[in-house]
1. Is it true that some residue in the stretch 50-59 is over 59 Å from the mean Cα position of the chain (by Cα), in the same structural domain as residue 91 (by TED's automatic domain parsing), at pLDDT 85 or above and closer than 20 Å to residue 110 by Cα?
2. Pick out the one residue from 407, 343, 381 that is at pLDDT 95 or above and either more than 21 Å from residue 321 (Cβ to Cβ) or surrounded by fewer than 17 Cβ atoms within 10 Å (Cβ to Cβ) (or both).
3. Out of (1) surrounded by 20 or more Cβ atoms within 10 Å (Cβ to Cβ); (2) over 19 Å from residue 346 (Cβ atoms), what's the single condition that is false for residue 430?
4. When the stretch 90-116 is examined, which residues are found to be within 60 Å of the chain's Cα centre (by Cα) and modelled with pLDDT under 85?
5. Output yes when any residue across the stretch 67-75 is within 30 Å of residue 175 (Cα to Cα) and touching a helix residue (DSSP H, G or I) at 6+ places or on another chain (Cβ under 6 Å), and no when none is.
6. Just to be sure I understand, how many residues within the stretch 324-380 are in a loop (DSSP other than H, G, I, E, B), within 45 Å of the chain's Cα centre (by Cα) and under 23 Å from residue 305 (Cβ atoms)?
7. Within the stretch 227-252, take every residue that is part of a loop (DSSP other than H, G, I, E, B) and touching a helix residue (DSSP H, G or I) at 6+ places or on another chain (Cβ under 6 Å) and give me the one that is surrounded by the most Cβ atoms within 10 Å (Cβ to Cβ).
8. Please determine whether any residue of the stretch 214-226 is under 20 Å from residue 297 (Cα atoms), touching a helix residue (DSSP H, G or I) at 6+ places or on another chain (Cβ under 9 Å), at pLDDT 90 or above and assigned to a loop (DSSP other than H, G, I, E, B).
C-alpha cells in the first residue's frame with residue numbers, strides 16, 4: 001500500500017513539474033494568463049499577435065466641456081487615430097520580456113494590467129485642428145461671452161449685477177490641451193480625459209471687486225443726498241428721493257444728469273415762482289447750478305438768480321430759438337432765430353453782453369464765407385470778439401425750431417429781415433443783451 005502511494009505521489013510530482021516547466025517555457029514567448037495591455041486582453045498571445053490586437057483598437061480621449069446653460073458638463077470623445085499622421089502601432093515585446101514567466105501560475109489568480117509605452121506614430125496638427133473645430137465648445141450657438149459684474153438700476157436704485165463667466169474658450173486653448181494629451185498618450189501615459197472647464201474665459205470684474213463696491217457707495221451717496229433750492233429769503237424747496245433720482249441717468253456705471261428731465265423740472269419750478277415776464281428766475285443759471293449739485297455726493301444748497309427786466313433788454317433763449325425785446329419791462333416784440341451750435345464748433349456764447357456796434361448795411365467775413373446783410377447789431381461784454389444780431393436772407397424765411405441743430409449759424413444770431421430791422425431801429429449802443437440756454 002505504501003509502495004502504491006509513493007508511486008502515485010511521484011507520478012503527480014512529475015506531472016506538476018512537467019506542467020510548470022512547460023508553462024515557464026510557453027510563457028517565455030507568450031503573455032501570462034489574465035494579462036491586458038491598454039485594456040486589450042492579450043492572454044496566451046505572443047508579442048506579434050499582441051501588437052496586432054492592441055493596434056487594432058481605436059483608443060479615445062474624452063473631452064470634458066462646460067454646458068452653455070450651466071448644466072451637467074458635456075463629454076465628447078476624440079479618436080486617437082483621427083489625430084495622428086498614420087494609424088498607431090504598438091510594440092509589446094518589452095512588456096513580454098519584462099514578465100516573470102517562472103511565476104506564471106500566480107497569474108491564474110491575479111489579473112495583470114499593463115500599459116504599452118512603446119508606440120510608433122505622431123500627432124498631426126491639421127487633423128487635431130479639424131477635430132477640435134467640431135467640438136461642442138467651439139460651435140457658435142454654444143458660445144456665450146463672459147460679462148463683467150457691473151452696476152445697473154433696480155427699482156430705481158443702483159445695484160451690483162453679478163458677473164457671468166459665460167461659456168467661451170479659444171480654439172487655441174482647446175487645440176493645445178488636446179495636443180498635450182495626445183503627446184502624453186504617445187509616451188505611454190494613461191489619459192482618461194481632458195478637462196477643459198478651467199480653461200474657459202472668465203469675467204474680469206467680479207461682484208466683490210473693491211472698486212465696484214466703492215463705485216456703488218458713491219452712487220448711493222449721489223442718489224440719497226438732498227439739494228436745497230433757495231427761491232427767496234423766506235422760500236426754499238428741497239430736492240430729494242425719487243424726484244432727485246428722476247433727474248439722473250446711469251451711464252457706464254456713473255450718474256449723469258438727465259438734461260430733458262432737468263429742463264422740465266426747472267421749467268415747472270420757475271413757472272410756479274416767477275412773478276411776471278419782467279421779474280423771473282434765471283432758468284439757465286438755475287439749471288447750471290443744479291447740474292453740478294446733482295452729481296455731487298454731498299448735500300448742497302443752490303440759490304435761484306432772479307432777472308428783473310428794466311429799460312431796454314434783448315433776451316435770447318438758445319434752447320427755444322427765440323429772441324424777445326423789452327422796454328421798461330414790457331415785451332415789445334419777439335422773433336424766431338437761428339443760433340450757433342457748440343457741437344459744430346460755432347456755439348453762440350451765453351451770458352450778459354452789451355451792444356457795441358451797429359451798421360446798416362454790412363459785410364460779414366469769415367475764413368470760409370462772405371455774407372452781405374442789411375442790418376448788423378454787434379455785441380460783446382469786454383471789447384473782445386464781436387458777435388451780433390443780423391438778417392439772413394439765405395435762410396429763405398426759415399427760422400426757429402430745430403434748424404440750429406443741423407444748420408446752425410457761425411455763432412451770431414440770425415433773424416428774419418423785418419425783425420432785424422425792427423431790432424436795429426429799437427436798440428442803441430449800450431443796450432443790454434442777455435443770452436441763455
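1. Kept after step one, since they are over 59 Å from the mean Cα position of the chain (by Cα), are these residues of the stretch 50-59: none.
Within the stretch 50-59, not a single residue is over 59 Å from the mean Cα position of the chain (by Cα), in the same structural domain as residue 91 (by TED's automatic domain parsing), at pLDDT 85 or above and closer than 20 Å to residue 110 by Cα.
2. Numbers: 343 fails: at pLDDT 95 or above; 381 fails: at pLDDT 95 or above.
Every option except 407 fails the conditions.
3. Exception for residue 430: condition (1).
4. None - no residue of the stretch 90-116 is within 60 Å of the chain's Cα centre (by Cα) and modelled with pLDDT under 85, so the list stays empty.
5. Looking only at the stretch 67-75, we keep the residues that are within 30 Å of residue 175 (Cα to Cα), and these are 67-75.
Those still in the list that are touching a helix residue (DSSP H, G or I) at 6+ places or on another chain (Cβ under 6 Å) too: 68, 74.
Looking through the stretch 67-75, at least one residue is within 30 Å of residue 175 (Cα to Cα) and touching a helix residue (DSSP H, G or I) at 6+ places or on another chain (Cβ under 6 Å).
6. Kept after step one, since they are in a loop (DSSP other than H, G, I, E, B), are these residues of the stretch 324-380: 328-329, 337, 339-341, 345-350, 360-361, 367-368, 374-375.
Okay, now just the ones that are also within 45 Å of the chain's Cα centre (by Cα), so 337, 339-341, 345-350, 367-368.
Then keep just the ones that are under 23 Å from residue 305 (Cβ atoms); that gives 339, 347-350.
Within the stretch 324-380, residues that are in a loop (DSSP other than H, G, I, E, B), within 45 Å of the chain's Cα centre (by Cα) and under 23 Å from residue 305 (Cβ atoms) number 5.
7. Looking only at the stretch 227-252, we keep the residues that are part of a loop (DSSP other than H, G, I, E, B), and these are 233-234, 240, 246-247, 252.
Keeping just the survivors that are touching a helix residue (DSSP H, G or I) at 6+ places or on another chain (Cβ under 6 Å) gives 246-247.
On the way: 246: 14, 247: 21.
Restricting to residues being part of a loop (DSSP other than H, G, I, E, B) and touching a helix residue (DSSP H, G or I) at 6+ places or on another chain (Cβ under 6 Å), the top hit is 247.
8. There is at least one residue in the stretch 214-226 that is under 20 Å from residue 297 (Cα atoms), touching a helix residue (DSSP H, G or I) at 6+ places or on another chain (Cβ under 9 Å), at pLDDT 90 or above and assigned to a loop (DSSP other than H, G, I, E, B).
The values are calculated or read from the model by the stated rules, or taken from the named source; none is laboratory data. What you see is a predicted model; the values in this text were computed from it and never measured. For neighbour counting, all protein chains shown are included, and Cβ atoms are generated from backbone atoms with ideal geometry for every residue, glycine included.
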